[in-house]
Amino acid sequence: MAIRAIRTQVAAMVHPSVLSNSLERMRHERFMLTRLGVGAFGLGLAPAYLAWRGALGGFEALVVAAASLPLLAVVVLSRTGRLDIAHCISAAALAIFICAMAGMTGGAASPLLLWLAAVPAEAMFFGSRPFVARASAIAAIALASVMTLHQLGAFAAPAPWTSGMMPAFVTIAILHSMAIAVGFLRRRDDELREHRASDARAQLLLDHVGDLVTWHDASGAVVFANAAAKALAGAEPAELHGRGLFDRVHIADRPLFLKALSDAAHGAGDTTACFRTLFVPGEGEAPVALWLEMHAHRIANAGPSDGAAVVCVTRDITARRALDEERARGHAEALQASDVKGQFLATVSHELRTPLNAIIGFSEMLSTDAHGVLDAERRQEYARIIHDSGHHLLDVVNTLLDISKIESGAMTIEQDQLDLDDLSRDCCTLVALRAETGQVALERVLGPELPPILGDRRALKQVMLNLLSNAVKFTPPGGRVVLALVRDGDVIDLSVSDTGIGIAASDLPRLGDPFFQAKGSYDRAYEGTGLGLSVVRGLVGLHGGRLTIESAPGNGTRVCVRLPIGGVASASQPVRIATFARAPKRSFETKEPIRLTA
């Protein structure tokens, strides 16, 4: 209990700067315990020695002083936490004690001078190489001092009582050396035990951390990997040793991986790299690709014991990268939406301004003709222009409303039995006047045994009208537009072909986007909002159909709509347009057609 209490008191004397380091704290406590013991023992014998010897000689006074110096070393260590200074004081005390004893037992001829070897030997127990170097210097100075004083005749003949005490002195020196050796071995065992416990704690931490921790040599080969290798690389830690990790890095990312290790080992010291790994989690399972982020750090003062030069901490960033990509896509979509909004405003203002100007201008001319300057024919012409402009505005507004309903999912269709022959004839009749004005031949081609189809009459009529109007608009005089209806199994193939200007291959992927027109600009030669094909996409999607466009510049365009004969249960998304660059000189004929002229 007394020893435990003493240890507790000594632990309380340790300087706060070393409390976080268990090994250093242990060295300070051991130093204080031994020095307190030596000082207390030496000073405790002093009264008995004085009673026996009476007045003290010079060398005897040095012995007493040397016995008190270890206590001073303990005070210095407790106050400053400087073990090097405290050890120098302790080594000086031991050297003074040995020199004083040698002075009383023959000076330079005293065998007790061999005891000076214990000064650097004891330094190995409490410190490192600098401690041993300082203690050796103190022992050498002490030996030189004894030799010098001996030459000067400072040592008198040995006292008679010392000759009988020589075996005791030698025995004490031997016991002191044995204590140093035993203490050194205990210190080594304690440090090894502490190192093993520290390694066990570190290994436990590494095995339970989610990141992959690897040690690499100067060439980049792995010399250590923790248990996270199973989750991030699909392998046991030992399988990553050498080139195991490198072989699992995606082949396109291997140069980046090696460069990061090289920069860390021979360059800046800290580098970061993102790369992909490919591995098979288990037998019969699909390969897994992960995005990993590796932070590489150079190991300072890396020794040749394990060959490690770089330590890397690698973590899975697949989810974060997917989130970044989604954020980038959202940003791109926001920019696109902003562009569409700007294009919408520009296009709608262009489409609405012209008919509104006509309506306002001609209506003002009619309303201000109080004196009857305008004849009846001119009035009728102005009224017709106002009427046509109003219908144009109504068509633009209706188209915008249709697109809004389609995109919001608010548009519904009525599925009725429809005769496509009658429906196509009505559409061709409506477009015939425009085709005749533009000197474009308009034809209908009907396949044999064309059955009725389930669908919305208004929606399918709008599909046909939009496709025919576009074909006529972009076909030059002398050209031809063909509307073909053919049965193909359970679907109806509705196609509109023309010999018009065609569409460039670079514009095909954007067909069907709202307000997009191939080679369009605000001063374009062909009027229109660019919304017709967007409406067709939505209406065909509501009928569960498919939409295909083939075209080439100067070689016309063919738009094909495939509709199920029996209708569709439910569909709300606009159909995706499949586009193809058209082969030259493609014909419009179908098998066994019934050719009619509108």
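The values are calculated or read from the model by the stated rules, or taken from the named source; none is laboratory data. Just so we're clear, the structure is a prediction, and the values are computed from it rather than from any experiment. We place every Cβ from the backbone using ideal geometry, glycine too, and count neighbours over all the protein chains shown.
For Thr162, the criteria (1) within 60 Å of the chain's Cα centre (by Cα); (2) at pLDDT below 80; (3) hydroxyl-bearing (Ser, Thr, Tyr) hold in every case but one, which is (1).
Residues are listed down the side, and each one gets a yes or a no for (1) at pLDDT 85 or above; (2) of a type outside the set (Gly, Ala, Ser); (3) closer than 22 Å to Ala309 by Cβ:
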{"position": "Val249", "(1), (2), (3)": "yes, yes, yes"}
{"position": "Arg254", "(1), (2), (3)": "yes, yes, yes"}
{"position": "Leu258", "(1), (2), (3)": "yes, yes, yes"}
{"position": "Ser262", "(1), (2), (3)": "yes, no, yes"}
{"position": "His266", "(1), (2), (3)": "no, yes, yes"}
{"position": "Thr271", "(1), (2), (3)": "yes, yes, yes"}
{"position": "Phe279", "(1), (2), (3)": "no, yes, no"}
{"position": "Gly282", "(1), (2), (3)": "no, no, no"}
{"position": "Pro287", "(1), (2), (3)": "no, yes, no"}
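Taking first residues from segment 433-456 that are within 28 Å of His543 (Cα to Cα) and hydroxyl-bearing (Ser, Thr, Tyr) and partners that are modelled with pLDDT under 85 and not in a strand (DSSP E or B), no Cβ contact under 6 Å between residues at least 6 apart in sequence or on separate chains turns up.
For (1) free of Cβ contacts under 8 Å to residues at least 40 places away in the same chain; (2) hydroxyl-bearing (Ser, Thr, Tyr), each residue gets a yes or a no:
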residue: Ala67; (1), (2): yes, no
residue: Leu72; (1), (2): yes, no
residue: Leu77; (1), (2): no, no
residue: Thr80; (1), (2): no, yes
residue: His87; (1), (2): no, no
residue: Ala93; (1), (2): yes, no
residue: Gly103; (1), (2): no, no
residue: Pro111; (1), (2): no, no
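Selection within segment 473-501: residues that are touching an Asp or Glu at 6+ places or on another chain (Cβ under 6 Å) and part of a strand (DSSP E or B). The member of this set that is surrounded by the most Cβ atoms within 10 Å (Cβ to Cβ) is Val481.
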